[in-house]
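The values are calculated or read from the model by the stated rules, or taken from the named source; none is laboratory data. All values derive from a computational prediction rather than experimental measurement. Ideal geometry is used to build each Cβ from the backbone, glycine not excepted, and the neighbour counts take in all protein chains shown.
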Amino acid sequence: MSELEKKPMRVRFAPSPTGALHIGGARTALYNWLCARGSGGAMVLRIEDTDRERSSEATIAQILDALRWLELDWDGDPVSQFARRDRHQAAIERLLEQGKAYYDSATAEQVKAWRAVNRGAGYRGRETTADGAAIRLRVPDSGTTVVDDRIRGEVRFENRLLDDLVIARADGTALYNFAVAVDDAEMEVSDVVRGEDHLSNTPKQLLVFAALGIEPPRYAHIPLLHGPDGKKLSKRHGAASVQELRRSGYLPEAVRNYLALLGWGADDDETLLSTDELLRRFSIDRVGRSSAIFDEKKLRWINGRYMRESELAAYEARLAAHLEEGDRAAAATFAAADPAHRRAALAIVQDKAQVLSEVWKLIAFLFGEPVRDDAAWKKVMVADGEVAVAHTLSALSALGESDFTAARIEPVLRALAEREQIKLKNLLQPIRVAVSGGLVSPGLFESLEVLGREISLSRLDAARSSAP
RNA sequence: GGCCCCGUGGUGUAGCGGUUAGCACGCUGGCCUUUCACGCCGGUAGCGCGAGUUCGAUUCUCGUCGGGGCUACCA
């Protein structure tokens with residue numbers, strides 16, 4: 001289906017502010033966003049905060065922050081469901097007047113007992129004028145409520161098995177299944193895209209729409225996400241929240257790509273899909289029906305691809321932001337360095353890291369005194385290691401400031417290894433340890449160039465005298 | 001327990017009655033190589049099970065088993 005043939009979808013992402021935005025929630029947000037932006041429609045945000053006990057401003061801010069980081073924008077200001085309570089109550093009044101809803105003071109135990117007596121049939125209450133009664137919606141005793149789901153097809157629920165659901169608490173405030181229906185209608189939502197955990201709530205909402213005489217939106221229930229152990233995804237599964245993904249050094253575009261693939265696949269099975277391609281090709285109708293397991297290994301691989309392919313300037317900005325959030329000292333050191341030096345350092349490390357959090361430890365030695373890895377020194381700075389360093393020091397001293405480039409350094413060191421009859425590896429590892437402090441670094445010749453003649457030589461000199 | 005959803009290698013998926021069941025990650029053998037990575041080449045492994053429909057089922061139907069969700073005066 002081409003872009004022009006898509007009908008604009010007006011969707012909503014409706015998180016409840018009871019915790020950080022989960023990977024599952026992020027995927028729901030992404031699918032909604034792809035539906036909206038890919039169809040020329042709109043995505044609105046509604047914070048489901050009617051449960052005052054469990055909602056907090058801090059959590060709302062955290063969720064919005066996560067969405068911004070993911071670069072999933074929305075239309076208009078976020079709507080507070082709680083702030084719409086007057087609208088909910090007005091709708092409840094209408095239903096009460098029409099006899100479609102009634103006061104009932106049954107307790108949970110009484111409802112349970114009623115169901116036991118009536119062989120599992122949906123609870124039907126008795127109207128009361130007593131104080132402290134909740135308001136229930138009258139559900140038909142016969143017929144079937146059909147959810148016409150874009151992903152699952154027609155899902156049928158027998159009305160007689162559905163309870164007369166409570167739509168308002170004794171204090172008059174509306175409950176979730178009622179508020180959602182009223183809000184989706186009044187916010188003119190055309191398509192509800194949400195997790196499968198809401199599938200069995202849908203007939204209840206459909207009943208509310210019917211009572212209100214309003215045409216319901218279309219529904220698409222996407223499968224849930226599970227952890228590596230097959231259980232429902234939770235904080236126990238590592239980087240389960242967007243915040244953790246961010247801290248781990250993933251790129252938002254990579255996360256979008258990965259999440260899009262978790263439950264959806266293009267007909268040609270492409271793996272690397274830019275957001276533009278996602279926008280063009282994503283179709284809610286092609287989302288799968290079975291739950292998926294979050295696999296960080298694949299996310300890492302995808303992220304590595306994006307890391308390697310990103311522009312140096314963007315790479316630099318991303319790293320700077322990442323350091324700023326996790327390692328202020330490193331961020332300050334990095335920011336204080338010469339711009340050209342920063343770029344040079346990033347250029348030689350770019351294809352080695354899969355996540356941002358791996359970058360700094362690979363290039364920190366280019367921005368200050370290296371952290372000495374004693375095990376590494378002990379391993380390579382043996383007798384001939386020291387000799388190697390000494391030879392290198394004199395060989396490289398011969399190169400002038402302007403000749404201290406990878407292109408000039410490499411032949412010098414290769415010739416040195418040959419002359420001294422030592423394997424290149426046995427010459428280079430001691431040098432690597434001497435200048436970087438450890439056994440792992442970007443390419444040595446490039447590293448020396450970026451470090452510069454003066455510092456390189458002084459570290460070699462220091463290594464020669466401080467070897468264990 | 002009741003209602004509902006789901007079931008292709010370890011993971012994510014393609015498939016839409018006839019395919020040597022494709023792709024990607026992972027794992028693994030090798031190559032490359034100054035370390036670690038990257039990259040390249042090769043390999044490993046799958047239609048949960050049982051009936052039925054059909055000339056023929058991974059594809060359709062039923063059952064079964066397994067996994068999951070909901071079952072609040074939470075969202």
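Below is a table of values for the structure above.
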{"read-out": "Boolean, A:I167 is assigned by TED's automatic domain parsing to the domain that holds A:R115, more than 7 Å from RNA strand B (Cβ to nearest atom) and either touching a residue at least 40 places away in the same chain (Cβ under 8 Å) or not in a loop (DSSP other than H, G, I, E, B) (or both)", "value": "yes"}
{"read-out": "Some residue of region A:310-323 being within 14 Å of RNA strand B (Cβ to nearest atom), under 28 Å from A:R27 (Cβ atoms), out of contact with any Gly (no Cβ under 9 Å at 6 or more places or on another chain) and not acidic (D, E)", "value": "yes"}
{"read-out": "Filter result for the condition that a residue is crowded, with 22+ Cβ neighbours inside 10 Å, in the same structural domain as A:Y31 (by TED's automatic domain parsing) and either under 16 Å from the mean Cα position of the chain (by Cα) or at pLDDT 95 or above (or both), over A:R256, A:R247", "value": "A:R256"}
{"read-out": "Whichever residue in region A:44-74 is assigned to a loop (DSSP other than H, G, I, E, B) and surrounded by fewer than 14 Cβ atoms within 10 Å (Cβ to Cβ) and, among such residues, is nearest to RNA strand B (Cβ to nearest atom)", "value": "A:R54"}
{"read-out": "Region A:172-181, subset more than 7 Å from RNA strand B (Cβ to nearest atom) and part of a loop (DSSP other than H, G, I, E, B), residue surrounded by the fewest Cβ atoms within 10 Å (Cβ to Cβ)", "value": "A:G172"}
{"read-out": "Restricting region A:413-431 to residues that are buried (at least 23 other Cβ atoms within 10 Å of the Cβ) and within 22 Å of A:W360 (Cα to Cα), the residue that is nearest to RNA strand B (Cβ to nearest atom)", "value": "A:I431"}
{"read-out": "Inter-residue pairs, beta-carbon under 6 Å, first farther than 19 Å from A:I151 by Cβ and in region A:286-303, second small (G, A, S), 6+ apart", "value": "A:I302/A:A254; A:N303/A:A254"}
{"read-out": "Region A:133-164 - residue that is of a type in the set (D, E) and part of a loop (DSSP other than H, G, I, E, B) and, of those, farthest from RNA strand B (Cβ to nearest atom)", "value": "A:D141"}
{"read-out": "Which listed residue is hydrophobic (A, V, I, L, M, F, W, C) and either surrounded by fewer than 17 Cβ atoms within 10 Å (Cβ to Cβ) or farther than 28 Å from A:K7 by Cβ (or both), from A:I222, A:I214, A:I284", "value": "A:I214"}
{"read-out": "Subset of region A:371-393 [of a type in the set (G, A, S) and either more than 16 Å from A:R459 (Cα to Cα) or at pLDDT 95 or above (or both)]", "value": "A:A375, A:A383"}
{"read-out": "Some residue of region A:196-210 being small (G, A, S), outside any loop (DSSP other than H, G, I, E, B) and either touching an Asp or Glu at 6+ places or on another chain (Cβ under 6 Å) or more than 10 Å from RNA strand B (Cβ to nearest atom) (or both)", "value": "yes"}
